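Written out below as structure tokens is the structure these notes cover.
The values are calculated or read from the model by the stated rules, or taken from the named source; none is laboratory data. Computed from a predicted model, the values in this text were never measured in an experiment. No Cβ is skipped: glycine too gets one built from the backbone with ideal geometry, and neighbour counts run over all protein chains shown. We work out accessible area using only protein heavy atoms, side chains counted, and drop any ligands, DNA or RNA first. Shrake-Rupley method; radii C 1.70, N 1.55, O 1.52, S 1.80 Å.
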Amino acid sequence: MNSFLEQAKSISSYITDARRQLHAQAETGFDEHWTTAFIREELQKEDIEINPWGGATGGVGMVFGARPGPGVALRADID
């Protein structure tokens, strides 16, 4: 398996492009509808389950491991 650094390098152009797209579509806080749609589309490409959290923007991406056991929660802001 590739090292973490090799994996990061292999997607660096994708990350840079995504960041540029997000910054080109600046939205005000709690009104990030384009950003929410962009993130959901990218998560769906990776078959990541998306659960709404009750607000108009944002959501919860659910990633499940291959084995049972403890999980890890990650949180990110989009504003």
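Values computed for the structure shown
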{"item": "Residue list for segment 14-64, filter: surrounded by fewer than 10 Cβ atoms within 10 Å (Cβ to Cβ), among the small types (Gly, Ala, Ser), at negative phi and assigned to a loop (DSSP other than H, G, I, E, B)", "result": "Ala26, Gly29, Gly55"}
{"item": "Condition check for Glu6: open to solvent by 80 Å² or more (accessible area, probe 1.4 Å) and either under 13 Å from the mean Cα position of the chain (by Cα) or touching a residue at least 12 places away in the same chain (Cβ under 8 Å) (or both)", "result": "no"}
{"item": "Residues of segment 28-56 that turn out to be within 26 Å of Ile11 (Cα to Cα) and free of Cβ contacts under 8 Å to residues at least 40 places away in the same chain, as a count", "result": "17"}
{"item": "Near pairs, Cβ below 6 angstrom, 6+ apart or cross-chain, from segment 66-79 (assigned to a loop (DSSP other than H, G, I, E, B)) to any residue that is among the hydroxyl-bearing types (Ser, Thr, Tyr) and open to solvent by less than 100 Å² (accessible area, probe 1.4 Å)", "result": "Ile78/Thr35"}
